[in-house]
Amino acid sequence: MTGKTDFTSEEWELVREGPAAAGMVALTAEKGGTFRETWAMAKDYAEARKEHGENELLDALVAEKPESKRYMSAEELDEVGLGRLTEAVQLLQQKATPGEVAGYKKFVMHVAERVAEAHKEHGTAVSDAERAAIENIAAALNPSPA
């Protein structure tokens, strides 16, 4: 099992950024609903804490407050934030078990989807822009081999 102690502080920071970056990408895909969407992200972390014990890596991740970097624009968030998410997955593929990597990806996607669903836009639960953001997050989580 892989835990926080298996990473340097810089590596752990990278892993921690992923779920929050994905949530922020979904949040910034549309205007409005920021409070509800931020609340949905916090709630997802709290619910994940209740499932303690299945995955040491996720247990350590959700035990800490979500770490969200500040970006100057939604475009920078998409480019840099999703790039760092890809780096986190590549790091986890080197250090964690396949099951832990799959659990991390599932958690990141769940955070993004919950954020997108938290506020209706244009009469739908998830807008086209949010759907596109979720597709970009999925692509960042599943990088093509170099």
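For this structure, a couple of remarks:
- With the convex hull of its Cα atoms as the shape, the chain has an orientation-averaged projected area of 8.4 nm².
- Estimated dipole of region 1-120 in Debye, rounded to 20 [Cβ of Lys and Arg +1, of Asp and Glu -1, Cα centre]: 380
- Top of ALA112, ALA20, ALA46 by mean-square fluctuation, Gaussian network on the chain, Cα under 10 Å: ALA46
- Among LEU82, LEU91, LEU27, the largest mean-square fluctuation in a Gaussian network model of the chain (Cα springs under 10 Å) belongs to LEU91.
- When only Cα pairs below 8 angstrom with a gap of at least 6 residues are kept, the chain shows a relative contact order of 41 percent.
- Surrounding net charge for GLU76, when Lys and Arg each add one and Asp and Glu each subtract one, Cβ distance under 12 Å: 0
- Ordering ALA21, TRP39, GLY99 by the projection of their Cα atoms onto the charge dipole of region 1-99, which places +1 on the Cβ of Lys and Arg and -1 on the Cβ of Asp and Glu, puts TRP39 at the extreme positive end.
- Rounded to the nearest 10 Å², the accessible area of GLU135 at probe 1.4 Å: 120
- The apolar share of the surface of region 1-132, taken as the fraction of accessible area on carbon and sulfur atoms (1.4 Å probe, ligands and nucleic acids excluded), comes to 53 percent.
- For the chain, accessible area per residue (1.4 Å probe, heavy atoms of protein chains only), Å²: 55
- Helix 98-117 axis, angle to the chain major axis (alpha carbon atoms, nearest 10°): 20
- Ellipticity estimate at 222 nm from DSSP helix runs (n ≥ 4, -39,500 (n - 2.57)) divided over the chain, nearest 500: -20500 deg cm²/dmol
The values are calculated or read from the model by the stated rules, or taken from the named source; none is laboratory data. None of the values given here were measured: they were computed from a predicted structure. Positions of Cβ are generated from backbone atoms using ideal geometry, with glycine treated the same way; all protein chains shown enter the neighbour counts. Quick note on the areas: whole protein, heavy atoms, side chains included, nothing else; ligands and nucleic acids left out. Shrake-Rupley method; radii C 1.70, N 1.55, O 1.52, S 1.80 Å.
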